[in-house]
1. Out of everything in segment 17-37 that is among the β-branched types (Val, Ile, Thr) and within 14 Å of Gly51 (Cβ to Cβ), what residue ends up being nearest to the chain's Cα centre (by Cα)?
2. Please count how many residues of segment 17-35 are aromatic (Phe, Trp, Tyr) and buried (at least 21 other Cβ atoms within 10 Å of the Cβ).
3. Being of a type outside the set (S, T, N, Q) and more than 22 Å from Trp19 (Cβ to Cβ) is the requirement here; does Asp42 meet it?
4. Do we have Val47 as of a type outside the set (Gly, Ala, Ser) and surrounded by 19 or more Cβ atoms within 10 Å (Cβ to Cβ) here?
5. Being within 16 Å of His91 (Cβ to Cβ) and within 12 Å of the chain's Cα centre (by Cα), is that true of even one residue in segment 53-70?
6. Among the residues of segment 47-60, which ones are out of contact with any His (no Cβ under 9 Å at 6 or more places or on another chain) and in contact (Cβ under 8 Å) with a residue 12 or more places away in the chain?
7. Can you find a residue in segment 54-66 that is of a type in the set (Asp, Glu), more than 13 Å from Arg21 (Cβ to Cβ) and loosely packed, with under 12 Cβ neighbours inside 10 Å?
Amino acid sequence: MMAQVCKKFWVSGHVQGVWYRANTQAQADKLGITGYAKNLADGRVEVVACGDDAAIDTLEKWLWQGPERAEVTDVTSAAMDWMHYSDFSTH
């Protein structure tokens, strides 16, 4: 069985107003990941992702790319304690 992990990501660049959160939600749903994506006041998007470690790695690679109109300049992350989310939501 794969290890279940949670990770928090902060995505910088032109990532608000380009459907970044909705596309992240679609990717997370495909990968069986729960958590959330939300806009921050400083222009970044915060993503909390919980699921199989391999799925989280796949999502992290996608976060660097983002949807077509996004221009990602940086993705930082931090491990966090396991949190149970019923699904992946956007705020």
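1. Residues of segment 17-37 that are among the β-branched types (Val, Ile, Thr), as a first pass: 18, 24, 33-34.
Narrowing the set further to residues that are within 14 Å of Gly51 (Cβ to Cβ) leaves 24, 33-34.
Values: Thr24: 6, Ile33: 9, Thr34: 9 Å.
So, considering only residues that are among the β-branched types (Val, Ile, Thr) and within 14 Å of Gly51 (Cβ to Cβ), the one nearest to the chain's Cα centre (by Cα) is Thr24.
2. The qualifying residues number 1.
3. Details: of a type outside the set (S, T, N, Q): yes; more than 22 Å from Trp19 (Cβ to Cβ): no.
The answer is no for Asp42.
4. On the way: of a type outside the set (Gly, Ala, Ser): yes; surrounded by 19 or more Cβ atoms within 10 Å (Cβ to Cβ): yes.
Considered against the rule, which asks whether it is of a type outside the set (Gly, Ala, Ser) and surrounded by 19 or more Cβ atoms within 10 Å (Cβ to Cβ), Val47 comes out as yes.
5. Filtering segment 53-70 for residues within 16 Å of His91 (Cβ to Cβ) gives none.
No - not one qualifying residue is present in segment 53-70.
6. Going through segment 47-60, the residues out of contact with any His (no Cβ under 9 Å at 6 or more places or on another chain) turn out to be 47-49, 51-60.
Scanning segment 47-60 gives Val47, Val48, Ala49, Gly51, Asp52, Asp53, Ala54, Ala55, Ile56, Thr58, Leu59, Glu60.
7. Looking through segment 54-66, none of the residues is of a type in the set (Asp, Glu), more than 13 Å from Arg21 (Cβ to Cβ) and loosely packed, with under 12 Cβ neighbours inside 10 Å.
Just so you know, all these numbers are worked out from the coordinates, no wet-lab data involved. Here the structure is a predicted model, which is why all the values come from computation and not from measurement. Reconstructed Cβ throughout: ideal geometry from the backbone, glycine too, with neighbour counts over all protein chains shown.
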